[in-house]
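The values are calculated or read from the model by the stated rules, or taken from the named source; none is laboratory data. These figures come from a predicted structure and were not determined experimentally. Positions of Cβ are generated from backbone atoms using ideal geometry, with glycine treated the same way; all protein chains shown enter the neighbour counts.
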Amino acid sequence: MHRYQRALFLFLALLTLSLTGCKGPNKAAEEPQLSVHIAQAKLVMEVGEVRQLTVDIESTFSPTVGWRIEGAEILASLGDGKLKALSVGEATVTVIVEADGREVSDSVQVEVVPAKGDS
């Protein structure tokens, strides 16, 4: 009889463990990832120059990416982080990333100088 009690106890213990499961990290409960970083800290461009920004985006969901330029008379966005220097001055470029109802952004200062040879 002792043998059957032992087997029953082991069976119930295993059944309890399988029903409750092992409590490991719950991936579904983790906060979704959303971050953006412009690699360049500051840019100096010459009038007429075209430059591509390097942007690192981490997102659990498919993000929407937008651009804003303060100083549009100095710098133009050609899309997807490509910039064209229009005239001498300073401008700020901001990338805005939205996903899952959240928004993050990063900015870079751009100084536009005269093209070499221009006076």
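In the range 32-44, is there at least one residue being modelled with pLDDT under 60 and not aliphatic (A, V, I, L, M)?
Scanning the range 32-44, I find no residue that is modelled with pLDDT under 60 and not aliphatic (A, V, I, L, M), so the answer is no.
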(message) Out of the residues in the range 43-72 meeting the condition of being surrounded by 16 or more Cβ atoms within 10 Å (Cβ to Cβ) and small (Gly, Ala, Ser), tell me which one is nearest to Gln109 (Cα to Cα).
(response) Gly71
(message) Restricting to the range 75-118, and then to whatever is surrounded by 15 or more Cβ atoms within 10 Å (Cβ to Cβ) and outside any strand (DSSP E or B), can you tell me which residue is modelled with the highest pLDDT?
(response) Leu86
(message) For the range 47-74, which positions are in a loop (DSSP other than H, G, I, E, B), aliphatic (A, V, I, L, M) and under 16 Å from His37 (Cβ atoms)?
(response) Leu53
